[in-house]
1. When mean projected area of the Cα convex hull in nm² is calculated directly from the model, which label among [x] 22.6; [y] 17.4; [z] 14.3 fits?
2. What lysines sit close enough to K190 to cross-link, taking a C-alpha to C-alpha distance under 28 Å and skipping anything fewer than 8 places away on the same chain?
3. In whole angstrom, note down how far apart the Cα centers of segment 96-151 and segment 180-209 are.
4. If the chain between L168 and F4 were fully stretched, how many nm would it gain, using 0.36 nm times the residue separation less the Cα-Cα distance?
5. Give the relative contact order (percent, whole number) for segment 1-124; include only Cα pairs under 8 Å separated by 6+ residues.
6. Going by average Cβ neighbours within 10 Å, how do the peptides 99-108, 249-258, 276-285 rank, with the highest at the top?
7. Which distance in Å, rounded to a whole number, links the C-alpha centroids of segment 22-55 and segment 156-176?
8. Might you report the magnitude of the Cβ-based charge dipole of the chain about its Cα centre, with Lys and Arg at +1 and Asp and Glu at -1, to the nearest 20 debye?
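No lab work stands behind these numbers, since they all come straight from the coordinates. Small disclaimer: the values here were computed from a predicted structure and weren't measured. Cβ: placed from backbone, ideal geometry, glycine included. Neighbour counts: every protein chain shown.
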Amino acid sequence: MNAFWTTFAQLTLNGIAVGAIYALVALGLVLIYKATEVLNFAHGDLLVVSAFAAWGMITVWAFPFWLALMLTVVGVALFAYALDAFIIRRIAGQPQFAGVMLTIALAFMIRGAVSMLFGPESRNYPTPWSNQSMQIAGLSVANLQLVILGTAMLVTVILFLFFRYTLLGVAMQAASQNQLAAYLNGVRVKRVNSLVWALGGVTAAFAGVLLAPITMVDISLWFVTLKALAALVLGGFGSIPGAIVGGLLIGLIEQYAGVYMPDGTKDVVAYLVLIGVLIVRPHGLLGEAHGRRV
């Protein structure tokens, strides 16, 4: 294998690992949006909370990584449930703009609270796979990258089985398609919506805890939400498979742009893709087109 193909293969592996994180974040966003029609701009701040909570448990309280991971997932899920039950639910029936502004306000409040509690400086924490790598077909692959990819695949499969084969999963799908019809058929829509927010919190927690050792535990971790939004638009807004495909594609495009395109392109290419998709194919790769006659 010559140098070009070795580099290309290495970039592909890196892009898939990064894209898996984007896909997890996008998956949480689309779950909440489909259920409640609220685009949760505070979703990235749940990643921030997850990363700082894991750092505190691992480095300050000396918890084992797996225990810290599980406690973080449960804690963020409960926090997301409470956000919907006590705050988001109050704007039910209001225009979508109200939900956008409310979640933006929540995002700033959460970010500010984390900054006041932990301080603005960056930090890191060890994982069982820190500084470990393996050789696959001559390529160097960090063990943490494989864990991220495996976790994203596992969460996706579990969610698929949950929505397909459990009564609660079917109820969530029914509520996301028609809340009134679901309510008339005995579905407790408000509670179901809060549980969907909790599921979104689970995906955010996994993404935050696994991404933080790579990018550092920092307030700026919320920026990953912007990449996830680009992934949603690329894959098809409102499409769960589209969120996964879009996340992986954005991860790959970023990696290729960092090597094969001019300096600085990697930082903006996701947003260039977002603009291009909105112009050429507004419903994305896997989304459904909804035309409006004027």
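1. Label [y] holds the value from this structure.
2. Within the straight-line limit of under 28 Å, K190 reaches these lysines: K34.
3. 23
4. On the way: separation 164, 0.36 × 164 = 59.04 nm, distance 4.93 nm.
That works out to 54.1 nm of additional length.
5. On the way: 61 pairs, mean separation 39.4, N = 124.
Relative contact order here is 32 percent.
6. With the highest mean Cβ count within 10 Å placed first, the list reads 249-258, 99-108, 276-285.
7. Between the Cα centre of segment 22-55 and that of segment 156-176, the gap is 18 Å.
8. Details: 14 positive and 9 negative charges, 169 e Å.
Its charge dipole is roughly 820 debye.
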